[in-house]
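Take a look at the structure set out below.
The values are calculated or read from the model by the stated rules, or taken from the named source; none is laboratory data. Note that the structure is predicted; figures quoted are calculated from it, not measured. With ideal geometry, Cβ positions are generated from the backbone for all residues, glycine too; neighbour counts draw on all protein chains shown.
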Amino acid sequence: MRLRAMRFRGQSYHSLVKKLASVIGMVLGLGFLAWLAWAFPLATWQESLSLLPPTTLALALLALLLTYVLRAWRLTLEFSAFPLLSLARALRIVVLHNAMLNVMPFRSGELAFPWLLKRVAAVPLLRATGSLLWLRFQDACVVALLGIWVWPMDTMGWRLVLTLGLVMGVLFAHFMLRSEWSFLRTATQGWRAKLAALQEGLRHGQQQWLGSWLITLANWVLKLSVQAALLVLLLDIAWSLGYSGILGAELSAFLPIQGVAGLGTFEAGTALALGMHGVEWKPALQAAALVHAVMLLNSLLWALLVGQPWRPLQTVEDRPA
């Protein structure tokens, strides 16, 4: 009884923290929107929007759709052992997962990834969770690499040293994941099976090692380039500064407190990164808000057109034998 009570109190505490975090996220997001409406007259928004004609927006949305195709391709490589996961189904999973990430607070939309894979392609939950961790590791490493080479630095030496350190870290992670985890031998049988499945998911992504890394690099170069181009058009700044601002926005996703759909944190990360290079924070915030709006529009548009959330996902059981 005491153990059950402790578990109940722990669950209640965890639930309370999640609810409190959601409320804080909503307050942050709505407060930031209210501040934008107060700080910037309508005329300034119209002037900024005139710098992004419909043709430019259409090209940006099409380029961002290509990033989804690249991610879907990477997914088919990651789960090549599951023949039910075609490129079309992987693309639908990617756009729906991305929309949930943008709409749900504190990246709780990540939970949709293993659920969708299990439902569509019969991928075990722990296998999908392990692969998600590996894919996020790849994303973080590639963003860090791009940051090293586009962030304004005085010397080439630091770029080379940081790049070498990152490569060594990736190789070390690769070695650790390919080796046997000794603590599995001391774990209980139930946990041993779960941890082994998680390790399998982490390890499996390395079977398509080079192809997966190259696709990840292409995806992030394209995604960051589109957002940087929008910042360059809105603020009339150098390309290197545009990349710096967008990298600041991407890094803001690691903050423990997030506004709903990243509202406020995305813009603050951009303005902070640009402010380090002399760009005034107020126009930087406005430009970042417009870029963020384009990204949210992109996420919801392709989730509706490609993901078709109103159409039920065909499960493994639904398919004819």
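Counting only residues that are of a type in the set (V, I, T) and modelled with pLDDT under 75, which one in the range 1-56 is nearest to L231 (Cα to Cα)? Break it down stepwise before answering.
Step one: of the range 1-56, the residues of a type in the set (V, I, T) are 17, 23-24, 27, 44, 55-56.
Restricting the remaining residues to those that are modelled with pLDDT under 75 gives 17, 23-24, 27.
Numbers: V17: 36, V23: 30, I24: 28, V27: 26 Å.
Checking each candidate, the answer is V27.
Taken together, L116, L91, L52 contain a single residue that is surrounded by fewer than 21 Cβ atoms within 10 Å (Cβ to Cβ), out of contact with any Asp or Glu (no Cβ under 8 Å at 6 or more places or on another chain) and farther than 24 Å from L251 by Cα, which is L52. For the range 76-88, a residue qualifies if it is of a type outside the set (D, E), touching a residue at least 60 places away in the same chain (Cβ under 8 Å) and part of a helix (DSSP H, G or I), and exactly one does: L77.
Per the listing L177, L222, L171, L198, the residue uniquely modelled with pLDDT of 90 or more, in a helix (DSSP H, G or I) and at negative phi is L222.
Restricting the range 134-150 to residues that are touching a Lys or Arg at 6+ places or on another chain (Cβ under 9 Å) and not polar (S, T, N, Q), the residue that is nearest to S240 (Cα to Cα) is W149.
When residues in the range 113-142 are screened for being in contact with a Leu (Cβ under 7 Å, 6 or more places away or on another chain) and assigned to a helix (DSSP H, G or I), 15 of them pass. Is the range 131-138 home to any residue that is closer than 15 Å to H97 by Cβ, modelled with pLDDT of 85 or more and surrounded by 16 or more Cβ atoms within 10 Å (Cβ to Cβ)? Yes, the conditions are met somewhere in the range 131-138. Kindly establish whether L160 is modelled with pLDDT under 70 and either closer than 30 Å to L59 by Cα or not in a loop (DSSP other than H, G, I, E, B) (or both). For L160, the condition - modelled with pLDDT under 70 and either closer than 30 Å to L59 by Cα or not in a loop (DSSP other than H, G, I, E, B) (or both) - is not met.
Tell me which residues, restricted to the range 50-71, are in contact (Cβ under 8 Å) with a residue 40 or more places away in the chain and either part of a helix (DSSP H, G or I) or of a type in the set (S, T, N, Q) (or both). Correct list: T56, L57, A60, L61, A63, L64, L65, L66, T67, Y68, L70, R71.
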